Amino acid sequence: MPKRFAELATPLVADACVRLGEPLRAAPAGISPVLPGRKLAGRVLPVRHYGSVDVFLEAYTRAAPGDVLVIDNEGRRDEACIGDLAVLEAGTAGVTGVVVWGLHRDTPDLVEIGLPVYSYGAYAPGPVRLDPRGPEALSSARVGAHTVGADDVVFADDDGVVFVAADRVEAVLDTAEGIFRTERNQARLIREGQTLREQTRFDAYLARRAEDPAYSFRSHLRRIGGAIEE
């Protein structure tokens, strides 16, 4: 995991993408960790599932230490596509976590294994289908509306999953760290008695908006250097 993400969070990464004009690529709402309280970041190891675990095993032969297996199971809710053995094997290949656009099973075993797994949730039945394998099986994975590959980095925590192009990660994390510092300072001031309305000069914002209805709170925050939303 990029060490810089350890003190950050996916909302900060998402806000940084918006601020920089980067594509905002987040996994659909509802994809959450089997083990809350963990963070995950690494290069995407993409794979598309067609009903058999063999495609995961083949993906592991291409894995580099620190990769995150990202599984495209089309968001299906009628089968769990990965369980304890495939996750345990992932660890032997240096894979540090798994993100599934779909469901998992063997939850108690996954908790014991401890490798971070993110999915829509648990479901007992595994696949009974075996579909023809497509040419993109190991080159890309879809997660909701987004297609990701080995040139992307995935960030995940309790708030969800966000993807960033690898060549833009440093710039995004630089911006995320700046937002983090601003928000921590704002939180400190609130605890010390200075309300967020005072910090953001909310009365001045309301006055200017009364004169110019097009003046947005986001524009106001950027003008004064605040951070709540992007």
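A count restricted to segment 122-140 and to residues that are touching a helix residue (DSSP H, G or I) at 6+ places or on another chain (Cβ under 9 Å) and not in a strand (DSSP E or B) stands at 3. If you scan segment 98-121, which residues turn out to be surrounded by fewer than 18 Cβ atoms within 10 Å (Cβ to Cβ) and either without any contact (Cβ under 8 Å) to a residue 12 or more places away in the chain or part of a strand (DSSP E or B) (or both)? Pro108, Glu112, listed by residue number. Exactly one residue out of Ala6, Ala64 is in a loop (DSSP other than H, G, I, E, B), out of contact with any helix residue (DSSP H, G or I) (no Cβ under 6 Å at 6 or more places or on another chain) and hydrophobic (A, V, I, L, M, F, W, C), and it is Ala64. Cβ-Cβ contacts under 7 Å between residues 6 or more apart (or on different chains), taken from a first residue in segment 196-210 that is assigned by TED's automatic domain parsing to the domain that holds Thr182 and at pLDDT below 95 to a second residue that is among the aliphatic types (A, V, I, L, M) and in a helix (DSSP H, G or I), are listed as Leu196/Ile190; Gln199/Leu189; Thr200/Leu221; Thr200/Ile224; Arg201/Ile224. Check whether at least one residue in segment 62-70 is under 17 Å from Ser119 (Cβ atoms) and of a type in the set (Gly, Ala, Ser), and report yes or no. So far as segment 62-70 goes, no, none of its residues is under 17 Å from Ser119 (Cβ atoms) and of a type in the set (Gly, Ala, Ser). Scanning segment 2-12 for residues that are buried (at least 18 other Cβ atoms within 10 Å of the Cβ) and farther than 11 Å from Asp159 by Cα yields Phe5, Leu8.
The values are calculated or read from the model by the stated rules, or taken from the named source; none is laboratory data. Computed from a predicted structure; not experimentally measured. Here the Cβ is made from the backbone with ideal geometry for all residues, glycine too, and neighbour counts use every protein chain on show.
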